Every structure is written in C-alpha cells, then in structure tokens.
1. What is the residue count in the stretch 19-78 for residues that are of a type in the set (Asp, Glu) and closer than 30 Å to Thr316 by Cα?
2. Would you call Gly12 away from ligand 1 (no atom under 14 Å from the Cβ) and within 22 Å of Gln184 (Cα to Cα)?
3. Take the residues in the stretch 72-96 that are small (Gly, Ala, Ser) and within 26 Å of Pro265 (Cα to Cα); name whichever of them is farthest from ligand 2 (Cβ to nearest atom).
4. Find all pairs meeting these conditions: Cβ atoms under 7 angstrom apart; at least six residues apart or on different chains; first residue within the stretch 90-107 and on the phi > 0 side of the Ramachandran plot; second residue within 16 Å of ligand 1 (Cβ to nearest atom) and at pLDDT below 80.
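The values are calculated or read from the model by the stated rules, or taken from the named source; none is laboratory data. Keep in mind it's a predicted model, so treat the numbers as computed, not measured. Here Cβ is always computed from backbone atoms with ideal geometry, including for glycine, and neighbour counts include all displayed protein chains.
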Amino acid sequence: MKVKARLFDKLGEKKVKCHVCANECTILPDNVGICRTRKNFDGELYSLIYGSMISAGSLDPIEKKPLYNFWPGAIAYSIASIGCSFKCQNCQNWSISQANPTDDGKEGFYDLEGLKNRGMHLIELEPHQLVKKVVKSGAKTLAYTYNEPLIWHEWIIDTTNLLKKENIKTILVTNGYSTPEASQELINVGIDAANIDIKSMSDDFYKKICGVKSVQPVLNTAKLFKENGIHVEITNLIIPDLNDSKNDIEELSKWIFNNLGQNTPTHFSAYHPDFKTPSTKRTPLDVLDRAYNIAKNIGLNYVYVGNLPHNKGSNTYCPNCNHLIIGRRGYSFTNTNITKDKKCPNCGYDFNNDIIGNINR
Ligand code: SF4
Ligand code: SF4
C-alpha cells in the first residue's frame, strides 16, 4: 500500500533525501531507495509497503525473537513485510528481505508472482484490522521481525499507537540502522522492546558483509533506545573467520557493558551457511562457549547462546548468587525458580528492573 513517507527532505530538481534509516538515500524522481520500499513520485517520497504483510502473521514464543528478559514465556504475534536497508550476505530471510519491486502499477509494487512462487503471498491491512487480529489471537505482544522493521516506519508508528490502547506491547527485531530522528519518533510512540543485532564492532564487516557504511548508527540506536526506557537485548551472530575472534567478542562485550549496562541481555547466536555463504562453516559450539565465557568474565549478567544447545546459555541465572532462575530447553521452560514478586528465592535479589513483565510459568 502506498502512503506519503515521513522524515524526508525535498532537494532541488525533485530529488528527495530520506531520513528513516542511516543510509539516508538521496532518491531521484521515479527511483527507489536502497531498501526498495520507498519511491520518489514527482519530488515526494512514498512508502510502498504500508500495511503490506507477508501472510497474516504467526504466533511465536517471545524467546524465538530472541527476547529472554521481557515477558518470558509470552506469545509474540509476529509479522513481516519485504525489503531491508542491508544486503547481508548471510541473510536467512533473503527471499523477503531482498524482494524486488516491479512497480507495474497494477498488481501493487512488488513482484507478487515471484513471491508466490517462493510460497509467500502479500496481504494488505489497515492498522485497525491488524490490531483486531492480534487481540483475537490472545497474544499480548506484537513483534516486527524477519525483514527489517525500521523501513516500515509509518506503519509501525500508526499500529503502535493503536496497540497501546489494547495494552499490547510492541517489539522490534532490528538491525538498528536508524537515524536519531526516526528513533525519536519510535521512542515517542512508545515502542516497548527491541532486539538489536550488533553484527560486529568493525566498519569493515558492515561494509563487506552487510553493504552499509558503519556500525556507529547501530550503536547510537541501541544507546538511545536504552536511555529512553525501551527494553533492549543484543544479538551477535558469530560467523566463523569473520567476527569470531577473542578480540571481536571482547570489544563487543565491553561496549555493551560500558554503554548499555551489565544487565543488558546478550545473545550469541550460531551461524549456518545461507544465501551468499560468506563462510562455508557452521559456528562450532566451542566458539559460542568461548564467547559466553568472555562476556560473563567482562561482567555481563545475562548472556545467552542461541541456535545450538549449550549447557548454560539457555538459562537465566541470578547475577548475585548464580542460582538458576529460569531453565530453558529450546524455547520452553524446564523450570522457573523465582518468587511471585520477582525475587531470587536463594538470596532475595530483586529482578524487577532486569526482567520486564510477568513470567508465564
Ligand atoms: S529507509 Fe533507508 S534505505 Fe530506504 S530509502 Fe530511506 S534511507 Fe534509503
Ligand atoms: S539486516 Fe537482517 S533482514 Fe536485513 S539483510 Fe541483514 S540479515 Fe537480512
């Protein structure tokens, strides 16, 4: 669905500059930005994906996002659109993130036939129709996930406003490549939680693997969200030979510790070859184990391991006495050892600032 975009400047000769993500594309008339979802029509910028969703959404455990310290055990109504501000060589969702517009003006703006051939169909909803579906599902959280939500800015602003009225929490699973002005609009509308990918601390990695200039906008978004009360968890996908050195993990863990705080949940996740296979190897368990120990030794209290079973990396432990608080296998709980008022049953440590919302035991 085509709607007028927010956050763009008009330049001379009917060019526009988009400020929704840190690519800040300058777009000529009849052209689209890097994400392929914003188009310049006669000197005005439009989003082409407002309300355009891949299927009607699915019900996922919130742990799949991954969020482990935000409403643990909740169901997240999960939706996605198409397009992305990045071109990651390892993208597992490349068939939607790299989908191409056709702009034939008849069937909408996307290669619907191509999507259909890949087993997907795009549906169009108004904000109130989505909210109705979420309420009916019984889910108390809505996650924008699978493709990059930041480029869905106008739709997220409008739906979050309505979801708030139904007391449904909004979650972004994002590459964090925002601008300060777009982040501020998301903060103002009341985004509740975000899992932000910090793919590496190296600009070189962002250039070569993701096709963008720098990690700095991602770090800025994480800090700004956190400072403004959004619950932030960080994910780092460890790709063999590309971002898996001791130095890589130390630098990232220290940055999180110093800038977001030691209670920021940090997920190290296993890579498997996909799309353009920037590495042909899967992440070995011992590399994830080393990352887990480095982050713990630096002082991060909630370190998790994803995509491979790890003896401690699925569980939440008390930062004060190391008592097992939530045990997990996959996305399910094996046990929950926490009092009703969210204190450690062993030492009395108060989890109310560290684990947000109820624990769905
Ligand atoms: S959202 Fe980002 S990638 Fe898309 S047009 Fe705007 S600046 Fe470019
Ligand atoms: S940011 Fe995420 S969705 Fe976008 S290309 Fe990279 S991995 Fe895919």
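1. Of the residues in the stretch 19-78, 2 are of a type in the set (Asp, Glu) and closer than 30 Å to Thr316 by Cα.
2. Taking the combined requirement at face value, the residue does not satisfy it.
3. Here the residue is Gly73.
4. As it stands, the answer is Asp103/Phe109, since those pairs meet every condition given.
Matching residues to (1) in contact with a helix residue (DSSP H, G or I) (Cβ under 7 Å, 6 or more places away or on another chain); (2) closer than 30 Å to Ile96 by Cα; (3) not assigned by TED's automatic domain parsing to the domain that holds Lys65:
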| site | (1), (2), (3) |
| --- | --- |
| Ile209 | no, yes, no |
| Leu224 | yes, yes, no |
| Ile234 | yes, yes, no |
| Glu251 | no, no, no |
| Asn263 | no, no, no |
| Ala270 | yes, yes, no |
| Leu285 | no, yes, no |
| Ala295 | yes, no, no |
| Ile298 | yes, no, no |
